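Presented below is the structure to which this report refers.
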Amino acid sequence: MGDAEVPKPQPEYDIKDFLRACKGNGRQPSNVVLMGGVLETAASHFSLKTKEATLAFINAGGLEDLEFVNSIEYRRSFEVPPPICDAYHFKSGFSVGYISFFFSESNRKWIIKSFHRDDACGPTIMEFALRKAGLLPACLEGSE
Amino acid sequence: MEKVICSYCGKDTVSIKDHEIEISEPYAESSTVKIQERVCSHCGFSEDDGSNDLVIQKELAALKRVSMVNVLDELNAMGHTTASMERALGLPARTIARWKNERSMSPSAAALALMRMIRTFPWLLAVADMHFEGEAARNILLQHAAKELVDIHLERPDVL
């Protein structure tokens with residue numbers, strides 16, 4: 001991994017700016033774009049079957065317990081320097097999700113690069129619940 | 001004709017690529033719809049086309065209707081009459097009948113969610129019939145859980 005690809009420890013963007021942008025929902029001209037493939041994972045992983053539904057979910061506070069993962073360059077960029085992509089884990093109901101997005105300065109648009117379930121990313125909802133109840137087996141303690 | 005511009009690089013070197021996705025609704029068969037992806041030959045960026053939502057919503061509306069009709073048919077086949085379900089759930093008379101029969105009417109998302117839950121756990125109708133009283137609800141749940149366990153044991157003695 002080159003120096004340029006070392007993940008940044010802090011988010012590149014204020015998440016509130018991204019969430020605010022999602023308010024202009026998919027029916028109207030919006031400055032939020034779904035990259036190819038995002039619609040399919042949103043539908044199959046979260047039953048959010050349209051762009052409108054996906055943005056409305058985000059706008060309604062659907063990305064719960066957001067946890068910053070990393071900031072890395074958008075590798076397929078033509079821009080120099082390339083835009084930085086922020087990634088977060090979130091919880092929604094019984095699922096843990098992963099979202100990554102970046103802001104394209106050249107077009108002043110937010111681009112959602114990934115939006116999918118990520119149950120393998122860390123403790124599951126069940127682990128959270130067991131830990132909260134003090135019932136997590138000792139062998140799993142500290143597995144985060 | 002409006003020029004299609006790449007949302008990322010801003011160039012008009014965008015071509016439309018058709019591809020099919022499968023969408024499904026519980027208690028309805030799945031369906032394949034053709035959606036469009038905009039692919040930019042300059043920067044390689046691919047994005048969802050704005051017209052996809054309408055195509056998907058139209059197909060989803062049809063699938064939801066099928067789902068509601070299937071759910072109600074199956075509940076009727078189990079012996080739950082439309083009138084008895086309306087009474088237990090406190091719905092105005094003919095509400096469920098209209099969900100089932102009026103093709104021009106799309107049942108609301110809440111109505112569909114309610115009927116799917118009842119199709120999945122028909123004993124919820126008995127709970128509703130008891131005005132959702134806590135102890136009665138628990139007894140009904142336990143009775144059905146016990147019955148399920150007995151059924152599983154009879155079908156697969158090795159499991160339990």
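The values are calculated or read from the model by the stated rules, or taken from the named source; none is laboratory data. These numbers come from a predicted model, not from an experiment. Cβ coordinates were reconstructed from backbone atoms using ideal geometry, including for glycine residues, and neighbour counts include every protein chain displayed.
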- request: Given the conditions (1) within 12 Å of another protein chain (Cβ to nearest Cβ); (2) of a type outside the set (V, I, T); (3) surrounded by 11 or more Cβ atoms within 10 Å (Cβ to Cβ), report the number of the one that B:A109 does not fulfil.
  value: (3)
message: So, in region B:30-49, how many residues would count as being free of Cβ contacts under 8 Å to residues at least 40 places away in the same chain, within 11 Å of chain A (Cβ to nearest Cβ) and not in a loop (DSSP other than H, G, I, E, B)?
response: 9
Enumeration of residues in region A:83-105 that are buried (at least 16 other Cβ atoms within 10 Å of the Cβ) and within 14 Å of chain B (Cβ to nearest Cβ): A:P83, A:C85, A:F101, A:F102, A:F103, A:S104
field: Scan of region B:50-92 for residues that are surrounded by 13 or more Cβ atoms within 10 Å (Cβ to Cβ), within 14 Å of another protein chain (Cβ to nearest Cβ) and part of a helix (DSSP H, G or I), ordered by number
entry: B:N52, B:D53, B:V55, B:I56, B:Q57, B:E59, B:L60, B:A62, B:L63, B:K64, B:S67
message: Suppose we filter region B:8-20 for residues that are at the interface with chain A (Cβ under 9 Å from one of its Cβ atoms) and crowded, with 18+ Cβ neighbours inside 10 Å; how many remain?
response: 2
- prompt: Can you name every residue in region A:26-73 that is hydrophobic (A, V, I, L, M, F, W, C), part of a strand (DSSP E or B) and more than 11 Å from chain B (Cβ to nearest Cβ)?
  reply: A:L66, A:F68, A:V69, A:I72
field: Subset of region A:117-144 [part of a loop (DSSP other than H, G, I, E, B) and either modelled with pLDDT of 65 or more or not acidic (D, E) (or both)]
entry: A:D118, A:G122, A:P123, A:T124, A:A133, A:G134, A:L135, A:L136, A:P137, A:G142, A:S143
task: Scan region B:15-29 and report the pairs whose first residue is more than 18 Å from A:H45 (Cα to Cα) and whose second residue is charged (D, E, K, R) and not in a loop (DSSP other than H, G, I, E, B), with Cβ atoms within less than 6 Å and a gap of 6+ or a chain change.
output: B:K17/B:E37; B:D18/B:K34
message: Pull out all pairs, ordered by first then second residue, where Cβ-Cβ is under 6 Å, the residues are six or more apart or on different chains, the first lies in region B:138-155 and is closer than 10 Å to B:W123 by Cβ, and the second is assigned to a helix (DSSP H, G or I).
response: B:I140/B:A126; B:I140/B:V127
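Of everything in region A:93-116, what is charged (D, E, K, R) and part of a strand (DSSP E or B)? Give them in sequence order.
The answer is A:K109, A:K113.
Would you confirm, using the coordinates I've provided, whether B:S46 is modelled with pLDDT under 95, within 23 Å of the chain's Cα centre (by Cα) and surrounded by 14 or more Cβ atoms within 10 Å (Cβ to Cβ)?
When the stated conditions are applied, B:S46 does not pass them.
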